[in-house]
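Colleague: Before I ask anything, let me first share the structure, which is written out below as C-alpha cells.
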Amino acid sequence: MKIDLHIHSKDGSDGNFTVDQIFLEAQARKIGLLSITDHDSIAAQERAVTLAKENAIKYIVGIELNVTFSHPDYRDGKEIYLDFLGYQFDHTNGALNDKLQMLREYREERARKILEKVNVEFESEGRELFTQKDIDAIKATVDGAFGRPHIADYLVKKGIVTDRQEAFDKYLMKCYVPKFPLKLPEAAKLVKDAGGILVLAHGNDPSGTSLVKYTTSLDEQIKIIEENFLEFIDGIECWHSRHDQATTERYLAFGRKHNLILTGGTDCHQKPIRMGTVEIPEFVAEQFKI
C-alpha cells in the first residue's frame, strides 16, 4: 500500500491542487493511505474525510503547525521556526479552531505588513506601489492560509519577477515580518487536547523549515530533539522527499529507541506532483491502527 502522510492543498494552504484534485491524483497513483497537512489550517479536513469514504482511501486528519524555538547553543539563542505535524485529532475541537482562527487573522495582518515593506522597495526602484486593489487581488487567490507564496505568485503574475524564487530573493526575504510566536508546549497541548498526536516534521530538510538552521550534524540534531522535544512529541517524520537515506536511518533508530510513532510523506505541494513517490513501509499505517 502506498502511503503519503504529508500533503498540502489549495483549500487549506499553499498547495496547487484542491482537495478533490488530490483525491483524484491519489486514486490514479494507487495511494491507499494519505493525510492532508495544511499549514496552520484544517479547512480541508471535512471535505477530505468525505472524499476518503467515497473513494475507499484510508485517511488521517492532519495539520502542520509552525512553531518558534530557540536554543542557547545555536545562533546566539535567536529563534528559528520548526514544523510539527498533528494527526488523528478532532478537527471540530473548539480550542483548536479558535487558535487557528487567530493564526489566520495574524497571517493576513502579517501579509499586509510585508506588502508595506515591499512598497518601500518599489518606491526606491521607481515602481508603481501596491494598493488595496492589489491586496484584494492577492487575497482572492487564497483558498486557505494566507502566506508569502501567494504574494510571490502575484509578483510573478504582475511580471515584476520571473518566478517564486526570484520573488523571495529580491523582495520577500528582505521584507520579512515574523510569524505568530506559537511555542511547542502550546502546539502540543492544542493537538493532544483534541485527541491527536504530534510529530516532528522533516527535521533534516536542507532547504526547508528544519534543524538544519542550527546544524547539519545528525548527532547534534538528535541531541536537540532528545533534550528539548521528547516530552511534547509522539512521533518523528523519518521518510521525506528531502531526507537522504542516512537521515531516514538515523531518525528511525532514534524513534525506535524512544518508542515514537514513525511517519513519512512527500510534503507535496503539487509543484511538481510527487504524491506517493517516497517509499514508506506499510507498518507506518499499522501504527495508526489502519
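Colleague: Return the residues of segment 251-273 that are assigned to a loop (DSSP other than H, G, I, E, B), within 11 Å of His6 (Cβ to Cβ) and not hydroxyl-bearing (Ser, Thr, Tyr); say none if nothing qualifies.
Modeller: Asp267, His269
Colleague: So Glu116 passes all but one of these: (1) within 30 Å of Ile197 (Cβ to Cβ); (2) of a type in the set (Asp, Glu); (3) outside the structural domain of Thr263 (by TED's automatic domain parsing). Which condition number does it fail?
Modeller: The one condition Glu116 does not meet is (1).
Colleague: Another question, if that's okay. Please find, among Leu190, Leu96, Leu100, Leu115, the residue that is over 28 Å from Glu46 (Cβ atoms) and surrounded by 13 or more Cβ atoms within 10 Å (Cβ to Cβ).
Modeller: It is Leu115.
Colleague: Confirm whether Glu116 is more than 21 Å from Lys179 (Cα to Cα), modelled with pLDDT of 85 or more and not small (Gly, Ala, Ser).
Modeller: Against the criterion (more than 21 Å from Lys179 (Cα to Cα), modelled with pLDDT of 85 or more and not small (Gly, Ala, Ser)), Glu116 does not qualify.
Colleague: While we're on this one: Gly276: under 23 Å from Ala187 (Cβ atoms), in the same structural domain as Leu65 (by TED's automatic domain parsing), more than 15 Å from the chain's Cα centre (by Cα) and buried (at least 21 other Cβ atoms within 10 Å of the Cβ), yes or no?
Modeller: In short, no.
Colleague: Against the definition (closer than 18 Å to Glu46 by Cβ and assigned by TED's automatic domain parsing to the domain that holds Glu220), how does Val67 come out, yes or no?
Modeller: no
Colleague: Filter segment 2-57 down to residues that are touching a strand residue (DSSP E or B) at 6+ places or on another chain (Cβ under 7 Å), among the aliphatic types (A, V, I, L, M) and at positive phi, then give me how many there are.
Modeller: Adding up the residues that qualify gives 0.
Colleague: Quick one: is Ala140 hydrophobic (A, V, I, L, M, F, W, C), at pLDDT below 95 and closer than 25 Å to Ala44 by Cβ?
Modeller: In short, yes.
Colleague: Still on this model: Considering (1) in a helix (DSSP H, G or I); (2) over 26 Å from His243 (Cβ atoms), say which one Phe168 fails and leave the rest.
Modeller: So the condition that Phe168 fails would be (2).
Colleague: I'd like to verify a number: residues in segment 244-273 that are crowded, with 21+ Cβ neighbours inside 10 Å, under 24 Å from Lys30 (Cα atoms) and free of Cβ contacts under 8 Å to residues at least 24 places away in the same chain, how many?
Modeller: 0
Colleague: Inside segment 219-247, can you point out the residues that are β-branched (Val, Ile, Thr) and either more than 17 Å from the chain's Cα centre (by Cα) or not assigned by TED's automatic domain parsing to the domain that holds Asp73 (or both)?
Modeller: Ile222, Ile224, Ile225, Thr247
The values are calculated or read from the model by the stated rules, or taken from the named source; none is laboratory data. Keep in mind that this is a model prediction, so the values were computed, not measured. We place every Cβ from the backbone using ideal geometry, glycine too, and count neighbours over all the protein chains shown.
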